[in-house]
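Student: Below: one structure in structure tokens.
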Amino acid sequence: MAGAAHTAHMNPDVAPESRATGRVLSSWRAAWLRVEAHWTWYRRYWRSSLYSSGLQPVLFLAAMGLGFGSQVEAGPATGGHAYVHYVAPALLVAGAVQNAIGESSYPVLSGFKWQQDYHAVTATPVTAGQLLGGQIIWLTLRVGIACVVYLLVAALFGAWLDLGALLVVPVGLLAAVACGVPIMAVAATTYNEGGRFTAIFRFLVMPMILFSGTFFPIEQLPAAVRWLAWISPVWHGTELARGATFGGLGLLPAAGHLAFLGTLLGVSALAARRYFYRRLVV
């Protein structure tokens, strides 16, 4: 590094931007470089992901909230609200979680196995941990765009009661990232994917969406399996989202839901960081 700087000093023909500065990228800057790479791709191909980004949960809302929901009377099961109001915040959380898991599975595995751009990135001064940080930031932005699209389109259906709906977006983001980062850790440990992700989508994600209070209260589940909903991050996100929309969620229950999602995110981020380093650092 000192030799390169000396050469640049001795040779005035060397362009200033090509001279070595001796500076190391900060973790924040290195992570954002990865985000910029994703954004460069996304701004060209965003139309191809428009359906999964925001329109899919809106179609669920139209089918379940307005179609089927028109046959459901407001009552104790819906908290006294119309069914479209009952499912709207839950579908934002469910859609965000589905998007996050989708973005954290095959696309992340591709960075390791097929495109192998993760190996190219970590051949630069960007570390595996900084790369992971960039992936998490991009996941948050990507899902955030989808949540805002859903929020705006659902408003056209009259799905929101008041401005408390704005709080549903950060809740959905927290639940989504808390579910997406563990899948990143799984992707980092996957060499021959086989049916691993298919099994996750089929036997984990879909039951989690269907039986975590999205469409009906979990009190209607048999008591023997109700505990499965209690350990579902979708249920914790749904409870927070409905609490933000309807009110009535106590401080302690809200703190418990936030603690569950925050702990899941923190533990899975540490695991993902370990597995990223194990796979990328030789």
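Here, each number is a calculation from the coordinates, and none is a lab measurement. Bear in mind that the values here come from a model prediction, so they are computed numbers and not experimental data. Note: ideal-geometry Cβ built from the backbone for every residue, glycine included; neighbour counts use all protein chains shown.
Student: Report, as a whole number in µm² per second, the diffusion coefficient that Stokes-Einstein gives for the range 179-282 at 25 °C and 0.890 mPa s using the Kirkwood radius over alpha carbon pairs.
Tutor: The Stokes-Einstein estimate is 159 µm²/s.
Student: Now for a different question. State, as an integer percentage, the relative contact order of the chain based on alpha-carbon contacts under 8 Å between residues 6 or more apart.
Tutor: Dividing the mean separation by the residue count of the chain yields 24 percent.
Student: Right, another one. Run the helix sum for the chain: -39,500 (n - 2.57) per DSSP H stretch of 4+ residues, divided by residue count, reported at 222 nm to the nearest 500 deg cm²/dmol.
Tutor: Rounded to the nearest 500, the figure is -20000 deg cm²/dmol.
Student: Between residue 77 and residue 231, what is the FRET efficiency for a Förster distance of 25 Å, r being their Cβ-Cβ separation, to the nearest 0.05?
Tutor: The value I calculate is 0.65.
Student: Let me ask something additional. Hey, what's the Kirkwood Rh for the chain if you take every pair of different alpha carbons, in angstrom?
Tutor: Evaluated on the chain, it is 20.6 Å.
Student: Between residue 120 and residue 27, what length in nm is gained on full extension when 0.36 nm per residue of separation is reduced by their alpha carbon distance?
Tutor: Working it through step by step, the gained length comes to 31.7 nm.
Student: Let me ask something else about it. Of the listed peptides 107-115, 158-166, 207-215, what is their order by residue-averaged count of other C-beta atoms within 10 Å, with the highest listed first?
Tutor: Highest mean packing first, the order is 207-215, 107-115, 158-166.
Student: Please get the size of the charge dipole for the chain, origin at its Cα centre, with Cβ charges of +1 on Lys and Arg and -1 on Asp and Glu, quoted in debye to the nearest 20.
Tutor: Approximately 700 debye in magnitude.
Student: For the peptides 91-101, 241-251, what is the packing order when you average, over each peptide's residues, the other Cβ atoms within 10 Å and list the highest mean first?
Tutor: Ranked by mean Cβ neighbours within 10 Å, highest first: 91-101, 241-251.
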